[in-house]
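Peer 1: Take this structure first; my questions come after.
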Amino acid sequence: QLQASGGGLVQAGGSLRLSCVASGVSFRTYVMAWFRQAPGKEREFVSAIKASDSRPSYQDSVKGRFVISRDNAKNTVYLQMNSLKPEDTAVYYCAADRQIIVCSYSRPEAYDYWGQGTQVTVSS
């Protein structure tokens, strides 16, 4: 089970930190990821972090602004979002998978577990 939190309303240029707590899985062995879905759009990949070495991957539009991290002791993955833009407005979902390979990180269908989503709204 994945429980995401930390969303909210923020002005453009502001920051938010999302958290996703995992339970019932061997967290340290799972690739963890964040996706987002804006109204009327498909779910899109934001970022992922490997299990073995915590190596991050990012969608190009968030590189340099977002930072993903994980705390295996707390079974938690974080997404620090800085310099937020109105186009970052979406429901953000965390996802997890144990078997996924790097080239599949951006594919929602490759993940077995999903959180419930947390709304992020960036006003201009």
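Peer 1: Given Cβ point charges of +1 (Lys, Arg) and -1 (Asp, Glu) and nothing else, what value in debye, to the nearest 20, does the dipole of the chain about its Cα centre take?
Peer 2: Numbers: 14 positive and 10 negative charges, 51 e Å.
Charge dipole of the chain: 240 debye, to the nearest 20.
Peer 1: Could you work out what % of the accessible surface of the chain is carbon and sulfur, using a 1.4 angstrom probe and leaving DNA, RNA and ligands out of the count?
Peer 2: Values: 2900 of 6280 Å².
Roughly 46 percent, rounded to a whole number.
Peer 1: Also, quick follow-up: Which residues in the stretch 78-100 place their backbone N less than 12 Å from a point set 7 Å from the Cα of ALA38 along the Cα-to-Cβ direction?
Peer 2: Of the residues in the stretch 78-100, 85-91 have backbone N under 12 Å from the label point off ALA38.
Peer 1: Run the simple label-point estimate for GLU109 and LYS85 please: 7 Å along Cα→C-beta, distance reported in nm.
Peer 2: With each label placed 7 Å out from Cα toward Cβ, I get 2.9 nm.
Peer 1: May I ask for the percentage of alpha-carbon pairs in the stretch 24-95 that lie more than 16 Å from each other?
Peer 2: Numbers: 1207 of 2556 pairs.
Result for the distance tail: 47 percent.
Peer 1: Most fluctuating residue of GLY13, GLY64, GLY24 in a GNM of the chain with Cα springs under 10 Å: which is it?
Peer 2: GLY24
Peer 1: Rank ALA95, ASN72, ALA12 by how far each Cα sits towards the positive end of the charge dipole of the chain (+1 on Lys, Arg Cβ; -1 on Asp, Glu Cβ) and give me just the farthest.
Peer 2: Farthest towards the positive end: ASN72.
Peer 1: Calculate, for the stretch 14-111, the solvent-accessible area per residue in square angstrom, rolling a 1.4 angstrom probe over the heavy atoms of the protein chains. Don't jump to the answer; show the numbers that get you there.
Peer 2: On the way: 4740 Å² over 98 residues.
Per residue, the stretch 14-111 has an accessible area of 48 Å².
Peer 1: Any chance you could run the full-extension gain for ASP60 through SER26? It's 0.36 nm times the residue separation minus the Cα-Cα distance, nm to one decimal.
Peer 2: Details: separation 34, 0.36 × 34 = 12.24 nm, distance 2.94 nm.
Here the answer is 9.3 nm.
Peer 1: Let me ask another. Where both residues lie in the chain, what percent of DSSP beta bridges are antiparallel, nearest 5?
Peer 2: On the way: 36 of 40 bridges.
Bridges in the chain are about 90 percent antiparallel.
Peer 1: Would you work out if the chain is rounded, prolate or oblate? Take a ≥ b ≥ c from the square roots of the eigenvalues of the alpha-carbon gyration tensor; rounded if a/c is under 1.5, else prolate when a/b is larger than b/c, oblate otherwise. Write down the numbers at each step before the final one.
Peer 2: On the way: a/c = 1.66, a/b = 1.55, b/c = 1.07.
Here the chain falls in the prolate category.
The values are calculated or read from the model by the stated rules, or taken from the named source; none is laboratory data. Everything quoted here is computed from the prediction, not taken from an experiment. Don't worry about glycine lacking a Cβ; one is built from the backbone with ideal geometry, like all the others, and counts go over all protein chains shown. Just so you know, the surface numbers come from the protein's heavy atoms only, side chains and all, with ligands and any DNA or RNA stripped out. Shrake-Rupley method; radii C 1.70, N 1.55, O 1.52, S 1.80 Å.
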